[in-house]
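Undergrad: This is the structure I want to talk about, given as structure tokens.
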């Protein structure tokens, strides 16, 4: 079975002094030892990491320290670190010195090489600048009404007195929101429309990714630009729906007046004055839909999984939302979200490939070495978070998240573009559920984690029971 994070399962890390980190020259590298390596065959390490990442990284930290090397599917490593000073050195580095490892991600064969997620260097910056206005300021304010309406519609459909998984229900809300933001479609879709077929294809692909064969398919596609095997068939189904949507939108009148992201992409021009190809638009759309709704949905599911197993935190949230002043409600909701994303980061690992020798504390690594940041380990450091395995939203009442200490959205120029939208969705949904629902967990024991592609999700979907709905 997949592991679970609980305080009694792991010893706590001790206080850590500041740690030197950053680019060095070959002479400095020669004076530093290499990080200790996990003494297991590469295949065993790959399987354990992909199936039980939690146990794998916490055991390695316990036995080898906060910097260690394991052999996986990424060429040359990776070396894993969890010190905030090391995180800062990687996030603040010039992109040519430490480009993102997302270009080597298992998502690359699915979303393609042209998206803001998988592109590196100048292409990434071009795509990021293009999309940034759609995820900040006035755009987020427009989305809030959509989120509120989608949440109320969805809550009204949930069963009373019967256990059900929250994760798929959260996905329904976030998919509605992302469809509205990307395609400009709000409310019910026409049954035969290309957008309906696209939405159905997304839901089928996400559902299939939880099947036992999905992990084997994922491993088969690592390091590839194009999907193979079962993944190829799933992506082909998705492509048919995606290209129909693009074809229809290109032919519609009034494109210049539309404010949705897809219309913006179709009108965008490169510095050379060229329009984006259908493949480029396709890659961007799939990235925004898959990454934009699935991660937020599972963050919400994890948040409720944690709340329902910590009665004091749950009761405090419900009482505050139902009886407190607006300022107190916003503070409590924010604290719960921040703590749930600290405790259960949906993306547990991110990385860079350092292109020059790099110092990580007492160790040095050569140029062209992949360096991964374990968000799980960073978020469970005792020197940063007293009693780190406890779920304690109150720890955030007088403490703001640190830039290099709380990193569920990554950081630097690769920080998640949709972070503001994800936080807005979580605020609205969490408050609405606390206000309208009396919820209980269907079992007292915590849900274990399942690793799916690059994400960590509740193994049973965060199952709950509604006792009363107002």
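Since every read-out is calculated from the coordinates, none of them should be taken as a lab result. Here the structure is a predicted model, which is why all the values come from computation and not from measurement. With ideal geometry, Cβ positions are generated from the backbone for all residues, glycine too; neighbour counts draw on all protein chains shown.
Undergrad: What do you get when you divide the Cα radius of gyration of the chain by 2.2 N^0.38 Å, with N the number of residues? Present the calculation step by step, with values, prior to reporting the outcome.
TA: Working: Rg = 22.1 Å, N = 470, 2.2 N^0.38 = 22.8 Å.
Its radius of gyration relative to the 2.2 N^0.38 Å reference: 0.97.
Undergrad: Now a separate question. Taking a ≥ b ≥ c as the square roots of the Cα gyration tensor eigenvalues, with a/c under 1.5 meaning rounded and otherwise prolate when a/b beats b/c, else oblate, which class fits the range 191-343? The partial results should precede the final answer.
TA: Numbers: a/c = 2.56, a/b = 1.54, b/c = 1.66.
Because a/c hits 1.5 or more and a/b fails to exceed b/c, the range 191-343 counts as oblate.
Undergrad: Still on this model: Just subtract the alpha-carbon distance of residue 63 and residue 233 from 0.36 nm times their residue separation and send over the number in nm, one decimal.
TA: Details: separation 170, 0.36 × 170 = 61.20 nm, distance 4.19 nm.
Taking residue 63 through residue 233 to full extension adds about 57.0 nm, to one decimal.
Undergrad: Figure the gain on full extension for residue 323 and residue 398 (residue separation times 0.36 nm, minus the Cα-Cα span) and round it to one decimal in nm. Intermediate values should be presented prior to the final figure.
TA: Values: separation 75, 0.36 × 75 = 27.00 nm, distance 2.17 nm.
Going from the current span to full extension adds 24.8 nm.
Undergrad: What are the principal axis extents of the Cα atoms in the range 263-375, in Å, biggest first?
TA: If we take the Cα atoms of the range 263-375, the spans are 57, 50, 23 Å.
Undergrad: Between residue 207 and residue 405, how many nm apart are label points set 7 Å from Cα along the C-beta direction?
TA: 4.4
Undergrad: Report the full-extension gain for the segment residue 269 to residue 129: residue separation times 0.36 nm, less the Cα-Cα distance, to one decimal in nm. Write down the numbers at each step before the final one.
TA: Values: separation 140, 0.36 × 140 = 50.40 nm, distance 1.21 nm.
Contour length minus Cα-Cα distance gives 49.2 nm.
Undergrad: Something else now. Sort 270, 470 so the one with the fewest other Cβ atoms within 10 Å of its own Cβ comes first. Could you put the intermediate results ahead of the total?
TA: On the way: 270 11, 470 8.
Result, fewest neighbours first: 470, 270.
Undergrad: Beta carbons within 10 angstrom, averaged per residue: use that to sort the peptides 58-67, 104-113, highest first. Working shown, then result.
TA: Working: 58-67: 18.3, 104-113: 21.1.
Output ranking for 58-67, 104-113: 104-113, 58-67.
Undergrad: Could you check the spin-label model distance between residue 28 and residue 240? Points 7 Å from the Cα along Cα→Cβ, value in nm.
TA: Calculated label separation equals 5.6 nm.
Undergrad: Ranked highest first by average number of other Cβ atoms within 10 Å, how do 355-365, 320-330 line up? All intermediate terms of the calculation are to be shown ahead of the outcome.
TA: On the way: 355-365: 20.8, 320-330: 13.2.
Highest to lowest by the protection proxy: 355-365, 320-330.
Undergrad: Let me ask something else about it. Averaging sequence separations of C-alpha pairs under 8 Å and six or more residues apart, then dividing by the length of the range 7-469, give the relative contact order as a whole percent. All intermediate terms of the calculation are to be shown ahead of the outcome.
TA: Numbers: 712 pairs, mean separation 127.4, N = 463.
Contact order relative to length: 28 percent.
Undergrad: Testing the spin-label approximation: label points 7 Å from Cα along Cα→Cβ at residue 153 and residue 136. State their distance in nm.
TA: 3.0
Undergrad: Let me know the shape class of the range 51-106, please: from the alpha-carbon gyration tensor, a ≥ b ≥ c as square roots of the eigenvalues, rounded when a/c is under 1.5, otherwise prolate if a/b is greater than b/c, or oblate. It would help to have the intermediate numbers written out before the result.
TA: Working: a/c = 2.35, a/b = 1.33, b/c = 1.76.
Verdict is oblate for the range 51-106.
Undergrad: Evaluate E = 1/(1 + (r/R0)^6) for residue 251 and residue 145, where r is the Cβ-Cβ distance and R0 equals 35 Å; express this FRET efficiency to the nearest 0.05. Mind dumping the intermediate values first?
TA: On the way: r = 29 Å, r/R0 = 0.84.
Approximately 0.75, to the nearest 0.05.
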